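See below for the structure under consideration.
The values are calculated or read from the model by the stated rules, or taken from the named source; none is laboratory data. Nothing here was measured: the structure is a model prediction, and the numbers come from that model. Cβ placement follows ideal geometry from the backbone for every residue including glycine, while neighbour counts extend to all protein chains displayed. Note: accessible area is taken over every heavy atom of the protein model, side chains too, but ligands, DNA and RNA are not part of it. Shrake-Rupley method; radii C 1.70, N 1.55, O 1.52, S 1.80 Å.
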Amino acid sequence: MNSCDPIGLIDSGVGGFTVLKELQHRLPNENYIYFGDSKRMPYGERENEELISLGNAIIRELEGYGVKAIVLACNTLSSLINELSSTVPLFSVIEAGVQETLLLRERGMVGLIATTATVKNRGYEKELALLTRDLHYIAQETHTLAKVINDGKKDLDDLKHNIREAVEPILRKGLKEGVMVEELLLGCTHFPIVAGTIREIYPDLTLINPANGLMRQMQAYFKEREFFCDREYKGSTTIFITAGREISERIMDQLDLNCDNLIETELSVFE
Ligand code: DGL
């Protein structure tokens, strides 16, 4: 394995772009290969068995490109990380999100919005319980928000409605427990794409983006092993998508993402 082998990223669609953006910013010399399965999104509404097959199929795909590590830039797949198999190190946005949460708050309650599968699998709660008993998430699933973002329709009222539907129950549950929730973890990589709109509706909530923690985790990991791609010039990024070229290009523009090749493809297992 070579230190300039690419870093792989996986998501059900354009959500993982928010993670790729952080990595490109902090580790610009690395090469990246991204796989976004927009054709089969929302992953959050799928059964675990199906998610494990899809996750493993994409991991095999990325292994075929000789990646040195894989980032599960999808909370839904990260909630099943222990069921996935990989020959290279797998990084979970959930683990990163929990570490990011603990930087802001050590005890009490933090709001969490995520997909149905992430909430059902209790990915965040399990990870947090390994580190502390003093802090808890008030988790709320949303069946629709990731899809609304991935579809890229420009109906702001609909977007706001979906955001409120996810966040209001958290604030209500908090108040019932006598707590004013102050932080909201964006437990789906699609959500930071609409962080501006969430902030507009809830200016008093501090938003937590696991991508920041993930970037620090990867920096530490590669530093410890002296496994950075240590060359002078910028690395390249290839993005594979199974559908959704238009929305991918739009979000890439919005996030100012570097992309050398955007390729529409199908997972080998479905060919
Ligand atoms: N972006 C993904 C996540 O972080 C999944 C969205 C979906 O396909 O449901 O969970």
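Starting from the Cα of SER268, move 7 Å in the Cα-to-Cβ direction to define the label point; list residues of the range 67-86 whose amide nitrogen is under 16 Å from there.
67-68, 85-86
Relative to the present Cα-Cα distance, how much length would full extension add between LYS234 and GLU83 at 0.36 nm per residue of separation?
Details: separation 151, 0.36 × 151 = 54.36 nm, distance 3.43 nm.
Here the answer is 50.9 nm.
Using a 1.4 Å probe on the protein heavy atoms only, what accessible surface does ARG250 show? Give it in Å² to the nearest 10.
About 80 Å², rounded to the nearest 10.
Could you check the spin-label model distance between GLU177 and ARG40? Points 7 Å from the Cα along Cα→Cβ, value in nm.
3.5
Enumerate the whole-percent occupancy of each 5 Å bin, from 0 to the last occupied one, for all C-alpha pair distances of the chain.
So the P(r) values, bin by bin, are 1, 6, 14, 18, 20, 17, 13, 7, 3, 1, 0.
Can you order the peptides 12-21, 81-90 by their average number of other Cβ atoms within 10 Å per residue, highest first?
Details: 12-21: 27.7, 81-90: 14.7.
So the peptides 12-21, 81-90, ranked by packing, come out 12-21, 81-90.
List the pairs from LYS21/LYS223; LYS21/LYS153; LYS39/LYS176 whose alpha-carbon separation is above 28 Å, in the order I gave them. Numbers along the way, then the final one.
On the way: LYS21/LYS223 20 Å; LYS21/LYS153 22 Å; LYS39/LYS176 40 Å.
With Cα atoms farther than 28 Å apart: LYS39/LYS176.
Between ARG107 and ASN29, 0.36 nm times their residue separation minus their Cα-Cα distance comes to what?
Extending this stretch completely gives an extra 24.3 nm.
Which of the lysines could be linked to LYS126 by a straight reach, that is with a Cα gap under 22 Å, when you skip same-chain ones fewer than 8 residues away?
Partners within reach: LYS173.
Quick one: putting +1 on the C-beta of Lys and Arg, -1 on the C-beta of Asp and Glu, what dipole do you get for the range 96-150 around its Cα centre, in Debye to the nearest 20? The partial results should precede the final answer.
On the way: 7 positive and 6 negative charges, 28 e Å.
My answer is approximately 140 debye.
Rounding to the nearest 20 debye, state how big the charge dipole of the range 35-90 is about its Cα centre with +1 on each Lys and Arg Cβ and -1 on each Asp and Glu Cβ. Each step should come with its number before you reach the end.
On the way: 5 positive and 8 negative charges, 46 e Å.
So the magnitude is around 220 debye.
Near LYS160, which lysines are there with a Cα under 18 Å away, not counting those fewer than 8 places off in the same chain?
Answer for LYS160, where 18 Å is the Cα cut-off: LYS147, listed by chain and number.
Keeping the other protein chains in place, figure out the carbon and sulfur percent of the accessible area of the range 15-88, with a 1.4 Å probe.
Details: 1050 of 2470 Å².
Ligands and nucleic acids excluded, carbon and sulfur reach 43 percent.
Any idea which of PRO203, LEU23, SER53 is furthest toward the positive side of the dipole for the chain, if Lys and Arg beta-carbons carry +1 and Asp and Glu beta-carbons -1?
The residue sitting most towards the positive pole is PRO203.
Probe of 1.4 angstrom, ligands and nucleic acids ignored: what's the accessible area per residue over the range 81-240, in square angstrom?
So the range 81-240 comes to 51 Å² accessible per residue, rounded to a whole number.
Measure nothing fancy, just the Cα-based angle from helix 17-26's long axis to the longest principal axis of the chain, in degrees from 0 to 90, nearest 10.
Approximately 70 degrees, to the nearest 10.
Which one, LEU145, ALA73, ALA96, projects farthest toward the positive side of the charge dipole computed for the chain from Cβ point charges (K/R +1, D/E -1)?
The Cα lying farthest towards the positive end belongs to ALA96.
Work out the length of the dipole vector of the chain about its Cα centre, built from +1 on the beta-carbon of each Lys and Arg and -1 on the beta-carbon of each Asp and Glu, and round it to the nearest 20 debye. Show your work: numbers first, answer last.
Details: 29 positive and 42 negative charges, 101 e Å.
Dipole about the Cα centre, nearest 20: 480 debye.
Check the chain for me: any Cys whose beta-carbon has no other cysteine beta-carbon within less than 4.7 Å?
Cysteines lacking a close Cβ partner in the chain: CYS74, CYS188, CYS259.
What distance in nm lies between label points placed 7 Å from Cα along the C-beta direction at ILE201 and HIS161?
1.2
Return the calculated 222 nm mean residue ellipticity for the chain, to the nearest 500 deg cm²/dmol, obtained by summing -39500 (n - 2.57) across DSSP H runs with n ≥ 4 and dividing by the residue count.
Details: 11 runs with 116 residues, N = 271.
Dividing the helical sum by the residues of the chain leaves -13000 deg cm²/dmol.
Amide H of ALA69: which non-local residues (sequence gap of 5 or more, or other chain) have their own amide H closer than 5 Å, using H built in the peptide plane?
HN-HN under 5 Å from ALA69: GLY8.
For the range 136-271, which whole percent of the accessible surface, found with a 1.4 angstrom probe, sits on carbon and sulfur atoms? All intermediate terms of the calculation are to be shown ahead of the outcome.
Numbers: 3420 of 7380 Å².
It is 46 percent, rounded to a whole number.
Quick check: residue separation of HIS143 and GLU50 times 0.36 nm, minus the Cα distance between them. What number comes out in nm? All intermediate terms of the calculation are to be shown ahead of the outcome.
Numbers: separation 93, 0.36 × 93 = 33.48 nm, distance 1.71 nm.
The HIS143-GLU50 span can extend by a further 31.8 nm.
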